[in-house]
1. Please work out how much length the chain gains when fully extended from Glu223 to Tyr153, using 0.36 nm per residue of separation minus the C-alpha to C-alpha distance, in nm with one decimal.
2. If you take the Cα Rg of the stretch 175-290 and divide it by 2.2 N^0.38 Å, with N the number of residues, what do you get?
3. For the chain, take every pair of Cα atoms, bin their distances at 10 Å starting from 0, and report each bin as a whole percent.
4. Once R0 is set to 35 Å, what does the formula 1/(1 + (r/R0)^6) return for the Cβ-Cβ distance between Val194 and Ile238, expressed as a FRET efficiency to the nearest 0.05?
5. In the chain, once you exclude exposed GluC sites (Glu not before Pro) (DSSP loop, at most 14 other Cβ within 10 angstrom), what's the longest stretch remaining?
6. Would you please name the chymotrypsin sites (Phe, Trp or Tyr not before Pro) within the stretch 157-246 that are DSSP coil residues with at most 11 other C-beta atoms within 10 Å of their C-beta?
7. Tally Lys and Arg at +1 and Asp and Glu at -1 over the other residues with C-beta under 12 Å from the C-beta of Val86: what net charge comes out?
8. Around Phe261, with a cut-off of 15 angstrom between Cβ atoms, what is the net charge of the other residues, counting Lys and Arg +1 and Asp and Glu -1?
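What follows is calculated from the coordinates using simple rules that are stated; it is not laboratory data. On a predicted model such as this, the values are computed, not experimentally measured, just so you know. As a convention, Cβ positions derive from the backbone with ideal geometry for all residues, glycine included, and neighbour counts pool all protein chains shown.
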Amino acid sequence: MKNSFKFYITLLTVFNIFFFSTCSQNLYAQKVKKEKVRLKVKYVKVIGQETYLKITAAARVNKKNIKVPDLDLFIYTKINNKKTEVGKVTTNTKGESKFIFKKNNSIKPDSTDFYNLIISFKGNKNFKKASKSLSFKDANIDAKLITKDSINYITATLIDVSKDSLVSGQPLTVQVQRLFQPLFIDEEFKITNVNGTIIVPIDTDIPGVNGHLTFEVVLDGNEIYGTVKAIIDAQIGIPIVDESTFDERTMWSPRNKTPLFLLIFPNLLIFSIWGLIIYLITNLFKITNS
């Protein structure tokens, strides 16, 4: 009888420990605060190359702003309150992702010629769900290089694709591609005239490798058209010689470009030392056996 009583007491104790530990874990899980994710989306169209969304995910954790990696983001198109999924991307270690529109993407404008997208994060154990809406119209920039009276000009016309009409009163920037930061030509931006056009003279003293320059005409972050960029390649720069030694065997080159003398001399030295050691050991054996 006493043994049965002790057994039931022990069983009840184990059950209570298990029950309270489970409850405490659930309470702790409920108290874990999920952080809010902020999504930043930029629509970019590079004419003749690619069209994409540049997406950045950030959050404020412990009073610090951080980039959020490994978030699965779903892209939807919305027409007449109907959502259709068109793709999925995942943020990298910098909290960034890039969704490239393919030609077969089923993205269509609404009755007002706007493309409506929704970028959605469904949430996880650390972050709340979040979404970001984006609307834009399709636009092109017709840019070309002309020469008049021995002076080079870049002329660019901004066109609304849906209406096939010229867009006036919008700022366009003309710049030269550089490694770290573009070189602006003339003023920082020019406003399109009533014909949707700007004309910018090009200086004759811009250096380029073998005289090659890559110009960009950019409509940047427009509320209606997003970012639109046209590229022009031209051989009108001052030729400079590329003195880069990246592909050469130098002391500061990567490991696969180590100078030959650093490969040959140390190895010859190592083989010589080991050869001498083997020679001495062989002679010691001969002396021992004689």
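1. Details: separation 70, 0.36 × 70 = 25.20 nm, distance 2.80 nm.
Extending this stretch completely gives an extra 22.4 nm.
2. On the way: Rg = 30.5 Å, N = 116, 2.2 N^0.38 = 13.4 Å.
Ratio of Rg to 2.2 N^0.38 Å for the stretch 175-290: 2.28.
3. Pair shares across the bins are 5, 16, 17, 17, 13, 9, 8, 7, 5, 2, 0, 0.
4. Numbers: r = 36 Å, r/R0 = 1.02.
With a Förster radius of 35 Å, E is 0.45.
5. Details: sites that count: Glu187, Glu188, Glu223, Glu243, Glu248.
It runs 1-186.
6. Values: sites: Phe180, Phe184, Phe189, Phe215, Tyr225, Phe246; in loops: Phe180, Phe189, Tyr225, Phe246.
Those satisfying the criteria are Phe180, Phe246.
7. Working: positive: Lys78, Lys83, Lys88, Lys102, Lys108; negative: Glu85.
Spelling it out: positives minus negatives among the neighbours equals +4.
8. Working: positive: Arg249, Lys257; negative: Glu248.
With Lys, Arg at +1 and Asp, Glu at -1, the net is +1.
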